[in-house]
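The values are calculated or read from the model by the stated rules, or taken from the named source; none is laboratory data. All values derive from a computational prediction rather than experimental measurement. Quick reminder, even Gly has a Cβ in these numbers, built from the backbone with ideal geometry, and neighbours come from all protein chains shown. Please note that ligands, DNA and RNA were not included when accessible areas were found on the heavy atoms of the full protein model with its side chains. Shrake-Rupley method; radii C 1.70, N 1.55, O 1.52, S 1.80 Å.
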Amino acid sequence: MSSLDQGAPFTGATEVGAKRGATLALLAFAQLIIALDLNIVFVALPEIGDGLGFSGQTLQWVVSAYTVFTGGFLLFGGRAADLIGQRRVFIFALWLYAISSLVGGLAWSPQVIIAARAVQGIGAAFLFPATLSLINRLFAEGPERNRALAVWGGAGASGLTLGSLAGGLLASAFGWPSVFYVNVLLAGVAIVAAFAIIPRDGKRHEHRSFDLPGALAVTTGATLLVFALVQGPEYGWWSTAIIASALLAVIFLTTFAVIEARSADPLMPLRLFHNRSLVAGMTITFLYMGTFGALPYFLTVLLQNVHGFTALQTGLAFLVPSIAIATGTQVGERLATRFSTRATLVGGMVVGAIGTALMVSGADADSSYLSLVPGLIISGVGQGIVWTAMWIAAASGVSHDEQGVASGMASTMLNVGNAIGMAVLIAIANRHVGGLTGGALKTAVADGIQVAFWLAAAGIVFSLLAAMVLPGKPR
């Protein structure tokens, strides 16, 4: 049996470059699907609301259902990839995407499309760690894996822009169901390719039990936590639903920690927290999405609500930061290979913080888009560098049969960090906009966005502390 059949890294001299390249292309394509699905629905939300009779208070659940269930199931999905098989979970997640997208396109009521989005979120929670752990398993740690992560990250950056552009074009030409049907096509292509390209999961020579109590506890706790963070600004932080969700989340997550400490075969082995690189990677992913990850939201508000851009114009405007981020992912790979992960992260964070601070002057109500461009480019390059390096850190020193749960741990922190960062920055940015209209409202919104950019830059600088924990030299 070849090393490919056994699921070993691509290290043999007999491995053909075409097989290696095709596998990486498919994994990058899967990341593109995830990234595209994050943005493609945003542009079509008004049409979805009108077509299905959503109320103003319930339309946001088309977005929130996806976010909440993704965050709740990431760790479950990561561990499933380790125990069931990364290839099997990868294909299963794509099937979830395809079926839920078909149902979403055919939806006849708000309840149906919200349920479809929730299942899409679960699909993302299984697909993301399966894709990332496949890269970490199939490509040897070091320059080879660094290059693969750079390609994977670049595909994600491209998907964010393509989502906005495709959403605008499809919704205007074919109606809102088309933004769901396109996922059916993309997932179908990926499923067929996966059977032909991705090496089969290796045979497991030891019996591994599935920690069902731990899985139920962490999935319930994480889902409730993300629900509280995402819906807190909408429902009110002191509302009964949010307080109850937060308390129950603490109870379930505490129960999960107790179960893991006592389990002979835990869902998330606590010894993984002894891996300094993984812990640092998790911390950085949390801070990354709480700072860099909040910028697209504020840019969208600035361009559409302050400067009056259309959805399509906004998508085109995002080409600049997306190209910069994709470029940064390639730079990050070269820096991490030549120097160290720590030096790469520090350099990327410094560049990103400077670029984000430069965006402040371009966020004035009277400023033009061109005044934003220098900051967008510099910040984007920094974001790309950090994106590649933080996943290198999270995978370093983790065994092949635990790459899935490690990926799930890091991506859970990614999701929670985004929810917390968005909640905090939006609350601060919008504190003075109540009751304003017209020009006064636009000025207040722009002022709040400037404050959010300053705080994001400060948070990026703070994340340098986590990067300093990493080793200073390549292993």
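Descriptive notes on the structure:
- Largest-first ellipsoid semi-axes for the stretch 410-460, taking √(5λ) over the Cα gyration tensor eigenvalues, angstrom: 26, 12, 7
- The residues of the stretch 275-375 expose, per residue, 38 Å² of accessible area to a 1.4 Å probe.
- By accessible area with a 1.4 Å probe, ligands and nucleic acids excluded, highest first: order of 390, 413, 268: 413, 268, 390
- Nearest-20 debye value, the stretch 92-231 charge dipole, Cβ charges on Lys, Arg, Asp, Glu: 160
- The stretch 99-187 shape via C-alpha gyration tensor axes, a/c threshold 1.5: oblate
- Mean-position separation - Cα centroids, the stretch 38-100 and the stretch 344-383, in angstrom: 30
- Largest first, the three principal axis extents of the alpha carbons in the stretch 369-408 are 48, 15, 7 Å in whole numbers.
- Between helix 17-52 and the chain: long-axis angle, C-alpha atoms, 0 to 90°, nearest 10: 30
- Kirkwood-type radius of the stretch 327-475, with distances r between different C-alpha atoms, in Å: 16.9
- Relative to the longest principal axis of the Cα atoms of the chain, the long axis of helix 341-362 makes an angle of roughly 10 degrees.
- Candidates 120, 80, 138 compared by Cα position along the dipole of the chain: farthest toward the positive end lies 138, with charges placed on Cβ.
- Options 320, 31, 439, ranked by Cα towards positive dipole end of the chain, top entry (Cβ charges): 31
- The angle between the Cα long axis of helix 143-174 and the main principal axis of the chain comes to about 40°, on a 0 to 90 degree scale.
- Of 237, 397, 304, farthest towards positive along the dipole that unit charges on Lys, Arg, Asp, Glu beta carbons give the chain: 397
- To put it simply, the accessible area of the stretch 312-402 at a 1.4 Å probe is 69 percent carbon and sulfur.
- Over the chain, DSSP H runs of length four or greater, each weighted -39,500 (n - 2.57), average out per residue to a 222 nm ellipticity of -26500 deg cm²/dmol.
- Within the chain: Cβ-based charge dipole about Cα centre, in debye rounded to nearest 20 (Lys, Arg +1; Asp, Glu -1): 960
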